[in-house]
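Structure first, commentary second.
The values are calculated or read from the model by the stated rules, or taken from the named source; none is laboratory data. Fair warning: this is a prediction, and the values are worked out from it, not measured in the lab. Neighbour counts are summed over all protein chains in view; Cβ atoms, including those assigned to glycine, are modelled from backbone coordinates with ideal geometry.
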Amino acid sequence: MKSGLLFFFLLCGLVINTTTVLGQNGPNGPITLTGKVMDNDTNEPLEYATLVLQSVDNPEKVTGGITDVDGIFSVETAPGNYNVRVEFISYKPYVLPQQNLTDSKDFGIIKLTVDVAQLQGVEVTGEKTTVEVRLDKKIYNIGKDLTTSGANVSDALNNVPSVTVDVDGAIALRGNSNVRILINGRPSAMAGFGSTDALRQLPADAIESVEVITSPSARYDAEGTAGILNIILKKEKTLGFNGSINSSIGFPVASQVSTNLNLRTDKFNVFTTLGYTYREPPGNAFFNNTYANGEFARIIEDRDINRKDIGFNANLGMEYFLTEKSSLSGSIFGRFSDEEDFTDNLSDRFVGTSLDSRTFRSENENQDDKSYQVSLNYMNNFNDEGHKLTADFQYSYDDETKTTPIEENRIFPDNDLLARENVYEAETQNEYLLQADYVLPMGDAQFEAGYRGKFEQEVTDYQLDTLNQNNGQFETDQNLTNQFTYDENVNALYSQYGNKFGKFSFLLGLRLENTQLKGQVASDFDATALQEILGADVDLNFDKNYLGLFPTINWIFELAEEENISLGYNRRINRPRGFFINPFPSRSSRTNVFQGNPDLDPAFANAFDLGYLKRWEKLTLTSSIYYQKETNSFEVIQEETGEITSDGIRIIRSIPINLSTNERYGAELGLLYNPAKWLRLNGSFNFFQFVTEGIFNEVDFGTKNTSWFSRFSAKVTLPGKIDWQTNAFYRGPSQTAQSENKGIFSLDLAFSKDVLGDKATVSFNVSDLLNTRKRQSLTQTAFFTSDSEFQWRERQITLGFIYRINEKKSANKKQGQNGDDEEGGYGG
């Protein structure tokens, strides 16, 4: 690693020296044209805006360049007469005809205005366009989505094209659940360290945009075979004090209060987000299980789930401008939650076709979660052309404790106690992140390089105490009680180069990553029985290293002013989470056990993406076709353990395995249509198919799945300036190696109106209006069949109120020199 870092810094020095030599032109040499392109309404820089230089004498001769993340361009060209044009998708172009350019020239700040005629009916004040297409990502701005008022981040993601959030809260991109979640370009305690539960506690109004990165460039971590979702949180850049206060109440019980506040001067910028939530979302589940063997032929389970979730999160940060060219930023984030889940399970148990007995199981899960994160960022802009260095440090800590008392009684034909258990789970996680990124413009081109190190340790404690009915004492089950320590360390170096030739833009990158996966069982644990279950060839205390190269290629070709095609290729890795690695069994019930697999290796994928974008006056079309082949792909399979409960029910084990290969094919289409000022229509369709091949324990788990999902949104402005929005979503049937899932349809409805001189907004929305958002599955194996239905949250009605403080203040005042977004152009 030391030699790798030395090579990296030598490479940077070589590039700097080479650029200096190339820039030393004589008096008759090329001239340099510089400038900065910004949004006229928000004063934000426009990355990948295009400078077009067309020769007046020879119109077929066209050259130019693109802007960097700070909106800055620096282009070398021969002296001559040019038609100068600055363009950005969905903005009115800036045109300077017949310019006689004989010497280098600085055009200063060029401000572009959104083309309202093209985006008719879309409110653009203080916002960027609804969708922006970059070389390596699509950016969706969801601030005007009425259905997210009073909702959380997880709800908001479900309205983003290409993204789905199932009834369990699991997030998928193009039907693939192995998606990397970033906050402001980095792993974050706000994303729950791989769990998406925390996203349900963050208000959706804190989001400025969501970046859908299906072909990540080399600057991003190679984790996530489906791609990356980067959630950009709001961070006001206007001088003075501004912000918003958002509150909502709902039925079933749901309330929240959140604030986004900002104080900015020429020397510093202080920003804070505070949020409090209280929810009682009811859910339900139904299972009809039949067994090939065992005492019972059929068991029907009817579950009622009642929750009480209390959460508080706070983020305080400050950006201090050290000089005109450099700044230092720091932030502290904390998230605290107290959750209680009460589950009542009524089971009817049949011998043959006759009811033999009825049981009632009560489970009270109490979870206390505390997360902290400290972040530091240093940025140095060496010049105004985009030459800069950034360095980041981040420390995150998560402490999650869960206690679950469980009691199961037979209530028919007799009343007697079957089992009483106490489950104790504790998980602590420490994570350190070090990152440095260097950007060097070279005329029309740009070179980037960097280092990223992530060092994470997760310690899991699990204890199961069972009541001995003979002596009335709780006894610890030594076969399930355990402590497991899991380390994941990733070191990476990357470099990438981008350029533009006429209508052709490209970005080439290469990332070198070394992954260390290390697991250790507590020394005082007798692992003999566990070793027999997993097999003698499985190492419970393991230390594995994987070194890999991850190339990326992204390019765009402009067919016309409002039309382009794009092509992307990248190689990705899917590292197993600690939950998948932990060899100790844990159970959700007496009859179902989940066991991690310490022999699990990372999966690798090669992905290709071909996209097409076309804009008309009132219509925008985005589309793509994609293909991915993943090797060593993960699959969670179910198998018999050979054990039965004391009352004769066979115990089933779920375990993740590396199941050979997984090929995915797909196509997606998105349409944004604004036929009138009062009407806005938005729809998307995604079709995909995956083929899995693999055999485990002489059982063929290969399968072929074809599915699709589609969403449609209509926003209408009614008389009295009342906005009405309807969102419809449907996900088609799907299947895995052992399960078939039925289609899911949901409908959301929302109304809003600005009040108090447009300083505030009142909203009313209904999530899942028809109460149909339920997962219906059929699982079939050689030993049992399960027909189930699960609803995580029932229909939700919400009334919201948001008040804006100085957010309509003009943004044309002088701002600090380094007001970059948190996203900043560096990856996760």
Check on residue 611, buried (at least 20 other Cβ atoms within 10 Å of the Cβ), at negative phi and over 23 Å from the mean Cα position of the chain (by Cα): no
Within the stretch 345-361, is there a residue that is over 30 Å from residue 441 (Cβ atoms), within 30 Å of the chain's Cα centre (by Cα) and either assigned by TED's automatic domain parsing to the domain that holds residue 787 or part of a loop (DSSP other than H, G, I, E, B) (or both)? no
Got a sec? Which of 523, 495, 505 is assigned by TED's automatic domain parsing to the domain that holds residue 565, in contact with a strand residue (DSSP E or B) (Cβ under 7 Å, 6 or more places away or on another chain) and modelled with pLDDT under 95? 505
Looking at the stretch 271-290, can you tell me whether even one residue there is assigned by TED's automatic domain parsing to the domain that holds residue 427, part of a strand (DSSP E or B), modelled with pLDDT of 90 or more and among the charged types (D, E, K, R)? yes
Can you go through 194, 227, 185 and tell me which one is on the phi > 0 side of the Ramachandran plot, in the same structural domain as residue 576 (by TED's automatic domain parsing), modelled with pLDDT of 75 or more and under 11 Å from the mean Cα position of the chain (by Cα)? 227
I'd like the full set of residues that are crowded, with 21+ Cβ neighbours inside 10 Å and closer than 15 Å to residue 550 by Cα, limited to the stretch 497-512. 507, 509, 511
Would you list the strands (runs of 3 or more DSSP E) that sit entirely within the stretch 640-723 and hold 2 or more residues that are in contact with a Phe, Trp or Tyr (Cβ under 8 Å, 6 or more places away or on another chain) and farther than 24 Å from residue 165 by Cβ? 650-658, 703-718
Give me the residue from the stretch 672-691 that is surrounded by fewer than 16 Cβ atoms within 10 Å (Cβ to Cβ) and of a type in the set (A, V, I, L, M) and, out of that set, nearest to residue 140 (Cα to Cα). 679
Please work out if residue 623 is under 30 Å from residue 465 (Cβ atoms), in contact (Cβ under 8 Å) with a residue 12 or more places away in the chain, assigned by TED's automatic domain parsing to the domain that holds residue 673 and not in a helix (DSSP H, G or I). no
Pick from the stretch 560-570 the residues that are crowded, with 17+ Cβ neighbours inside 10 Å and part of a strand (DSSP E or B): which of them is nearest to the chain's Cα centre (by Cα)? 570
Is at least one residue of the stretch 294-301 outside any loop (DSSP other than H, G, I, E, B) and closer than 27 Å to residue 769 by Cα? yes
Counting only residues in the stretch 410-446 that are under 27 Å from the mean Cα position of the chain (by Cα) and hydrophobic (A, V, I, L, M, F, W, C), the one nearest to residue 521 (Cα to Cα) is identified as 426
Would you confirm, using the coordinates I've provided, whether residue 646 is buried (at least 16 other Cβ atoms within 10 Å of the Cβ) and either of a type in the set (Gly, Ala, Ser) or without any contact (Cβ under 8 Å) to a residue 24 or more places away in the chain (or both)? no
Some residue of the stretch 337-348 being among the acidic types (Asp, Glu) and at pLDDT below 90: no
Strands (runs of 3 or more DSSP E) fully within the stretch 1-72 counting 1 or more residues that are modelled with pLDDT of 85 or more: 31-39, 50-55
Restricting attention to the stretch 241-254, does a residue exist that is under 20 Å from residue 44 (Cα atoms), surrounded by fewer than 18 Cβ atoms within 10 Å (Cβ to Cβ) and over 30 Å from the mean Cα position of the chain (by Cα)? yes
Options 477, 392: the member that is of a type in the set (Asp, Glu), closer than 30 Å to residue 545 by Cα and assigned by TED's automatic domain parsing to the domain that holds residue 368: 392
